[in-house]
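Data block below; observations after.
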Amino acid sequence: MTTTTPATPATPGGAAEVPSDGPSDGGFEALFEHAPCGYLTTTDGGRITRVNETFLTWTGHRREDLLGSAFGRLLPVGDRILWSTHSAPQLGTTGSVSEVVVEVVAADRSRRPALVTATRVPARAGADAEVRLVVFAAPERRAHEQELIAALHRAEESEDARAAAEGEARRLALADPLTGLPNRAGLAAHLGAALAAGRSDVGVLVVDLDHFAVVNESLGTAAGDELLLTVAARLGAAVREGAVVARLSADEFAVVERCEDVEAARGLAERLLEALTAPVVLDGLEVVASASIGAAVAPPGPGAAQRVLHDAAVAVQRAKARGRGRVEVHDPTRTGAAADRLRLLGELRRGIADGQLRLHHQPQVRLRDGRLVGVEALVRWQHPTRGLLAPVQFIELAEQSGLVRELGAWVLDAAVAQAADWARDPGCATVEVAVNLSTRQLTDPGLVEAVTTALSRHRLPAHLLVLEVTETSLAADPATAAATLVALKELGVGVSVDDFGTGYASLTYLQRFPVDELKIDRSFVTGLGASDGDTAIVRACVQLAQALGVRTVAEGVETEQQREALAAMGCDVVQGYLFSRPVAADAVQQWARERTGTTAQPAT
Amino acid sequence: MLPGQPVETARGTTPEESAVTTHPTVETVGTAAARHRVRVLGDPAGPVLLLVHGFGTDQHAWDRVLPALLDGHRVVLLDQAGAGGFDPAAYDRERYSTLDGYAADLVAVCEELDLHDVVVVGHSVSSMIAARAALRAPERFAQVVMVAPSARYTDDAATGYEGGFSDEDVAELLDSLDHNYLSWTATVAPMLMGNADRPELGEEFTGAMRQLHPGTARDFARATFTTDSRELLTRVSTPTVVLQCRDDALAVDSAVREVAARLPHATLVALDASGHCPHVSAPAATAAAVLAHLPGRP
């Protein structure tokens, strides 16, 4: 990558201008019509003025039906409202919207999940203002969306509250100094004892005061303390003798009481909620405390204390998410996705600290002469009980939780260390190591320094490191991304655009960034030779890369047929199971020694 | 409530104080001002402009027109039931199953703050809510301003009326709100973060959106899309200004014209703005149109 020329368009005006400026060049016109994404232009008012072939093929609409009609009419009514009340106004005020998740109604009335990115071009001399839209198919995005939003938000909130509360408990003894109630540690001790005594009817209720921070901030901590004391007293008065009331964190209480089953726990929770919602006079103002309550009954078996607390905590998060001031009961017949994610998140945090992460490397082979030119470093998690986990099983969670920062830092350092090892081995001294950067890493102001530090600590020549960024992360904050990539280029590091073709705005955005390499997404490579559409897309990508003067890498190459097609198109480098699966570092060295190669040979 | 978000109320703003100071307070639970997170800005002695946001947004939708309105006017903003910072505990599904429930809220706020000669500006469906408020308490309102209004969103074959939506559209919308509201709010919030110089606005919005109960959006959507206000408009005695935009996909031309035609005292104004949200996309033109038609102006 460092040997290629900078990313400058081959033609003045560049590929990015194609959608607006029309058929200035036959090749670019074809690129526009058969781009890997749908392109439309509309008037300021949303009337469609241009649409490319890809969009027509994808939706089944006829060009003559679309021209002059409203773009919003292509969306189901809910999305149309969102577009009209949010996206269209934002286009007017900021000039662009990115990655709006919508469905597009096809000619046969079926729905196609899509990501829409749009930019508004203000009126110029002789031309009215227009809006350019880039539409990408996004079925997976749509599918993950709901689950992610619902579960991860809850999990994160709950995990934060739990982590903070646990820190508190370690500092204090077993009792809370304000209320005199047991704290989290005290509660755990009590629960453990009750369960160890063989009781099978232990219910735990977690009571979370709604809006407590507002009381504290507005009326002062003295009033806040008074409210807490009132709540503690009311909880104490509402439970049976022998029950335990504890204060888990600032605004979180717990009650342990005998509950035969979940219905008994629910009844108790509702009684407590009622007791809490009687008005309190604080600082002369009458305030009604509202609370969310999560209830759970201890399951049989080992680890019950921790599990029942956890289940009640998850339930209370659900109560909060569902509008607060209500009761939610953990249903033992359903193991919630949120709970699983929460557990996994904790395990991952420990896993990173305890050195459970591994790097595997997938060789990248130059098609021209079959030489190993680089590897992509891929993280694996050696989970203590579930075995070796692939990134797909934990990356998303890490990205959503913020753990991706630590994960990314580990991968970068480990990959640079490994690359430096190879650089000292004459057998593979020129092997480049590619590392994936998350969106968070790319926008982290400390990234350039982290890369500089890693390179110098392990004394790796910068040109042997390639950083892979996705189109999506470039578009999240293009100005910052461009500045970061320029700084990385100055270090001598290579920059690759990953998953090319699956993002959006490819043509528009690319030339703004100093890119050395495009990685064509595996989903298109898979269809090579089998699908005319995919073949056209891959060819368009390769041509685009050549026009920009950057190297192309095809991912997911699995068959000889695909390899031949890529070679015929002029693709530079290939990566995939046809050559090697991701392997450990020593296997890479052996691999390199075995094939100094003349043509790209499949694995034997 | 969101910690850190200022709560300004009528009680916190006295005439002696600077016009737009903010006073974080905790309201005694139960006041309409607290429930609706009412903010009173501008000139305490000026005539009252009550700004009422539409479906899917909250009072911050008016942020861009505020600078042009604050001078010389007492501007009252609120979050309607189920939106923004509205107190979830005060949400009553039955009350908010019709537009009348929302209209009663507007009247309650006017009474509690003792507002008179109010110019109520309603966006989208809230123009119909404003019309209902004017019918309930005509003595409080001097004028209704309807921004991109529609009295009926569905087509009506019997009268040849074009509302822009089919019955199937509406059925599907209500269904999709059941299944997708969380993703809806998550989609909307990042879009609202377009305001790069005020990132805290995005945070505030995200928080506000996440508090929304999916059911509340569905109630509002149902009330919005299944109500026919055409007949009711003929009884509105309050002078009304109707602001119409070009290329409005939600309040289609025919629907806006119908609103003006049904109202006994309507002035139809063609705004130099396109789309459904002129107060966001063309704030200067919107504010100018509101100010130009205030009661008492020549």
- Among strands (runs of 3 or more DSSP E) lying entirely in region A:278-390, which contain 3 or more residues that are within 30 Å of A:V553 (Cβ to Cβ)? A:357-366, A:372-383, A:387-389
- Message: One residue is enough: does region A:241-249 have a residue meeting the conditions of a type in the set (K, R) and crowded, with 16+ Cβ neighbours inside 10 Å?
- Response: yes
- Message: Taking the criterion of being within 14 Å of chain B (Cβ to nearest Cβ) and in contact with a Phe, Trp or Tyr (Cβ under 9 Å, 6 or more places away or on another chain), would at least one residue in region A:267-277 satisfy it?
- Response: no
- A:A479 versus (1) modelled with pLDDT under 95; (2) out of contact with any helix residue (DSSP H, G or I) (no Cβ under 8 Å at 6 or more places or on another chain); (3) open to solvent by less than 40 Å² (accessible area, probe 1.4 Å): which is the lone unmet condition? (3)
- Collect the residues in region A:496-532 that are at pLDDT below 70 and within 17 Å of A:A138 (Cα to Cα), keeping them in residue-number order. A:G501, A:T502, A:G503, A:Y504, A:A505, A:S506
- Would you say B:F86 is within 14 Å of chain A (Cβ to nearest Cβ) and of a type in the set (F, W, Y)? yes
- Query: Which of the residues belonging to region B:248-298 are surrounded by 24 or more Cβ atoms within 10 Å (Cβ to Cβ), within 12 Å of chain A (Cβ to nearest Cβ) and part of a helix (DSSP H, G or I)?
  - Reply: B:P278, B:H279, B:V280, B:T286
- Item | Members of region A:234-248 found to be assigned to a helix (DSSP H, G or I), of a type outside the set (A, V, I, L, M) and within 23 Å of A:A185 (Cβ to Cβ), listed by number | A:G236
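Where residues in region B:89-117 are within 14 Å of chain A (Cβ to nearest Cβ) and of a type outside the set (D, E), which of them is farthest from the chain's Cα centre (by Cα)? Before the answer, list the steps.
Step one: list which residues in region B:89-117 are within 14 Å of chain A (Cβ to nearest Cβ), which gives B:89-93, B:96.
If we keep only those that are of a type outside the set (D, E) too, we end up with B:89-91, B:93, B:96.
Values: B:A89: 21, B:A90: 19, B:Y91: 17, B:R93: 19, B:Y96: 15 Å.
If we take residues in region B:89-117 being within 14 Å of chain A (Cβ to nearest Cβ) and of a type outside the set (D, E), then B:A89 is farthest from the chain's Cα centre (by Cα).
Tell me which residues, restricted to region B:78-127, are in contact with a strand residue (DSSP E or B) (Cβ under 8 Å, 6 or more places away or on another chain), over 27 Å from B:P295 (Cα atoms) and either among the hydroxyl-bearing types (S, T, Y) or assigned to a loop (DSSP other than H, G, I, E, B) (or both).
So the first thing to find is which residues in region B:78-127 are in contact with a strand residue (DSSP E or B) (Cβ under 8 Å, 6 or more places away or on another chain), and the list is B:78, B:80, B:89, B:106, B:109-110, B:113, B:115-124, B:126-127.
Imposing the further condition that a residue be over 27 Å from B:P295 (Cα atoms) reduces the set to B:89.
None - no residue of region B:78-127 is in contact with a strand residue (DSSP E or B) (Cβ under 8 Å, 6 or more places away or on another chain), over 27 Å from B:P295 (Cα atoms) and either among the hydroxyl-bearing types (S, T, Y) or assigned to a loop (DSSP other than H, G, I, E, B) (or both), so the list stays empty.
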- Message: Quick test of your reading of the structure: A:L357 fulfils all but one of (1) surrounded by 21 or more Cβ atoms within 10 Å (Cβ to Cβ); (2) in contact with a Gly (Cβ under 8 Å, 6 or more places away or on another chain); (3) of a type outside the set (D, E, K, R). Name the failing condition by number.
- Response: (1)
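Taking A:G78, is it assigned to a loop (DSSP other than H, G, I, E, B) and within 14 Å of chain B (Cβ to nearest Cβ)?
Details: assigned to a loop (DSSP other than H, G, I, E, B): no; within 14 Å of chain B (Cβ to nearest Cβ): yes.
Spelling it out, it is not the case that A:G78 is assigned to a loop (DSSP other than H, G, I, E, B) and within 14 Å of chain B (Cβ to nearest Cβ).
Return yes or no: is A:V433 under 21 Å from A:V448 (Cα atoms), open to solvent by 10 Å² or more (accessible area, probe 1.4 Å) and either among the β-branched types (V, I, T) or not assigned by TED's automatic domain parsing to the domain that holds A:E449 (or both)? Talk me through it step by step, then tell me what you get.
Numbers: under 21 Å from A:V448 (Cα atoms): yes; open to solvent by 10 Å² or more (accessible area, probe 1.4 Å): no; either among the β-branched types (V, I, T) or not assigned by TED's automatic domain parsing to the domain that holds A:E449 (or both): yes.
Answer is no for this residue.
Yes/no matrix, rows are residues, columns are (1) within 14 Å of chain A (Cβ to nearest Cβ); (2) modelled with pLDDT of 75 or more; (3) open to solvent by less than 20 Å² (accessible area, probe 1.4 Å):
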site: B:A134; (1), (2), (3): no, yes, yes
site: B:A157; (1), (2), (3): no, yes, no
site: B:S166; (1), (2), (3): yes, yes, no
site: B:A171; (1), (2), (3): yes, yes, no
site: B:V188; (1), (2), (3): yes, no, yes
site: B:E200; (1), (2), (3): no, no, no
site: B:M209; (1), (2), (3): yes, no, yes
site: B:V236; (1), (2), (3): no, yes, yes
- Item | Top-ranked residue in region B:49-77 [being open to solvent by less than 10 Å² (accessible area, probe 1.4 Å) and either charged (D, E, K, R) or assigned to a strand (DSSP E or B) (or both); ranked as nearest to the other protein chains (Cβ to nearest Cβ)] | B:D58
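Does A:V231 meet the test of being assigned to a helix (DSSP H, G or I), within 14 Å of chain B (Cβ to nearest Cβ) and either modelled with pLDDT of 85 or more or crowded, with 18+ Cβ neighbours inside 10 Å (or both)? Lay out the reasoning, then the answer.
Values: assigned to a helix (DSSP H, G or I): yes; within 14 Å of chain B (Cβ to nearest Cβ): no; either modelled with pLDDT of 85 or more or crowded, with 18+ Cβ neighbours inside 10 Å (or both): yes.
When the stated conditions are applied, A:V231 does not pass them.
Quick check on A:E103: is it over 18 Å from B:H279 (Cα atoms), more than 7 Å from every other protein chain (Cβ to nearest Cβ) and not in a helix (DSSP H, G or I)?
Working: over 18 Å from B:H279 (Cα atoms): yes; more than 7 Å from every other protein chain (Cβ to nearest Cβ): yes; not in a helix (DSSP H, G or I): yes.
In short, yes.
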- Go through (1) modelled with pLDDT of 85 or more; (2) at the interface with another protein chain (Cβ under 8 Å from one of its Cβ atoms); (3) at negative phi and name the single condition A:T85 misses. (1)
- Query: Of the residues that sit in region A:281-302 and are touching a helix residue (DSSP H, G or I) at 6+ places or on another chain (Cβ under 6 Å), within 10 Å of another protein chain (Cβ to nearest Cβ) and open to solvent by less than 50 Å² (accessible area, probe 1.4 Å), which one is modelled with the highest pLDDT?
  - Reply: A:S290
- Query: Hey, any hits in region A:55-72 for a residue that's among the polar types (S, T, N, Q) and within 10 Å of chain B (Cβ to nearest Cβ)?
  - Reply: no
- Go through the residues of region A:482-505 one by one and say whether even a single one is surrounded by fewer than 17 Cβ atoms within 10 Å (Cβ to Cβ) and within 21 Å of the chain's Cα centre (by Cα). yes
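Please give the helices (runs of 4 or more DSSP H) falling wholly within region A:394-471 in which 1 or more residues are modelled with pLDDT of 90 or more. Steps first, please.
Working: elements: A:395-401, A:404-423, A:439-443, A:447-458.
Correct list: A:404-423, A:447-458.
How many residues does region A:544-577 hold that are in a loop (DSSP other than H, G, I, E, B), closer than 16 Å to A:D369 by Cα and open to solvent by less than 40 Å² (accessible area, probe 1.4 Å)? Steps first, please.
Taking region A:544-577 and keeping what is in a loop (DSSP other than H, G, I, E, B), we get A:549-550, A:555-559, A:570-572, A:575-577.
Then keep just the ones that are closer than 16 Å to A:D369 by Cα; that gives A:570-572, A:575.
Of the ones still in play, those that are also open to solvent by less than 40 Å² (accessible area, probe 1.4 Å) are A:570-571, A:575.
Matching residues across region A:544-577 total 3.
The values are calculated or read from the model by the stated rules, or taken from the named source; none is laboratory data. For clarity, every value in this text was computed on a predicted model and none was experimentally measured. With ideal geometry, Cβ positions are generated from the backbone for all residues, glycine too; neighbour counts draw on all protein chains shown. Accessible surface is based on the protein model in full, side chains and every heavy atom, while ligands, DNA and RNA are left aside. Shrake-Rupley method; radii C 1.70, N 1.55, O 1.52, S 1.80 Å.
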